[in-house]
Amino acid sequence: MKKASLFGIAFAALFLLGISSVSAVTTVDTTWSGSGNFETHFTAGDDAHSDFWTGGSVISGEFHATDSDNNPYGYGVDSVEAKVKSHVENGFIAYQFNRNDAKTSYGEAGQESYTEIDTDGTGYLAWRSSSNYASLSSSNYGWQANGQIQATGNHFIDHYFSISPTEGAEIIVDADANTVITDMCEKSGSSSYTFGKGCGCYTNAKVDIVGSGTFDLHAHADNSIVTDTGITTDGYLHIHSVFGTGFHIANFALSGN
């Protein structure tokens with residue numbers, strides 16, 4: 001199983017299916033079904049980009065992206081959105097969204113959302129990210145409320161959200177199990193972030209695993225980390241579990257600054 005790590009992952013895949021675009025507002029709407037490899041890449045000028053890869057014995061899904069070309073308030077940064085739903089059998093899924101530009105009075109750019117699933121069973125990802133002059137957020141409210149990241153069989157899952165090379169949070173699952181991760185929202189601030197917490201919607205951040213393996217939650221922040229369950233620490237938080245029959249966490253939501 002391929003192992004990934006925070007702040008640096010790469011994949012390659014082979015073929016691309018139908019893309020449509022419209023001047024001014026630019027959109028990509030792509031679907032795939034079959035076997036083999038598929039990838040698509042969306043670049044919204046210098047404002048943001050999103051990349052998606054998958055490959056396996058059975059693959060299917062949809063990818064949608066929009067560059068609004070709206071330059072709100074004249075700050076020189078367009079609003080951008082990408083969203084995906086993807087299923088795989090005996091293979092992998094990988095998705096990333098990078099915010100590359102910002103109105104610096106709201107903080108520097110450089111935020112990233114990334115998810116990877118590698119499995120010899122089944123994998124599923126439903127994710128939506130959006131960026132503008134002020135922030136990067138991944139709000140799944142209205143896209144998929146529960147179970148955005150799922151896998152069965154022998155699998156490896158890595159999901160992280162970073163706002164700088166030293167600040168962000170990450171969930172890693174390495175298991176032979178049935179795993180369902182619900183992560184409603186993550187969002188960046190000028191020098192802070194939330195992970196799993198509601199951003200304009202309710203908090204819905206939980207993990208359910210039936211089977212054996214390991215679970216890790218990492219969070220890094222320059223000043224402090226506060227969890228919804230009452231943990232406060234500075235610098236680094238690490239929750240690690242080794243389990244034989246299952247694992248559950250009812251609320252992993254946290255914030256860092």
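Bear in mind these aren't lab numbers, they're just calculated from the coordinates by the rules spelled out. What you are looking at is a predicted structure, and each value in this text was computed from that prediction instead of being measured. As a convention, Cβ positions derive from the backbone with ideal geometry for all residues, glycine included, and neighbour counts pool all protein chains shown.
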Fill in the blank from the handout: Placing +1 on each Lys and Arg Cβ and -1 on each Asp and Glu Cβ in the chain, then taking the dipole about the Cα centre, the residue among Tyr236, Gly56, Thr179 whose Cα reaches farthest towards the positive end is Thr179
Handout entry: Dipole moment magnitude, nearest 20 debye, the chain about Cα centre, only Lys, Arg, Asp, Glu C-beta charged
Key = 380 debye
Problem - Residue-span extension gain [Asn223 to Glu62] - 0.36 nm each, minus C-alpha spacing - result: 54.1 nm
Handout entry: Environment charge of Glu62, counting only residues whose C-beta is closer than 15 Å and scoring Lys/Arg +1, Asp/Glu -1
Key = 0
Fill in the blank from the handout: With 0.36 nm assigned to each residue of separation and the Cα-Cα distance removed, Trp143 to Asn257 gains 38.3 nm
Practice task
Between the alpha-carbon centers of segment 54-107 and segment 133-210, tell me the distance in whole angstrom.
Solution key: 15 Å
Fill in the blank from the handout: Taking placed amide H atoms and a strict 5 Å upper bound, the residues 5 or more places from Ser35 or on another chain that come that close are Ile59
Exercise for the section: Pairs of Cα atoms under 8 Å, at least six residues apart: use those to get the relative contact order of segment 84-256, whole percent. Expected result: 18 percent
Handout entry: Taking only Cα atoms of segment 84-256, radius of gyration then Dmax in Å
Key = 15.4, 49
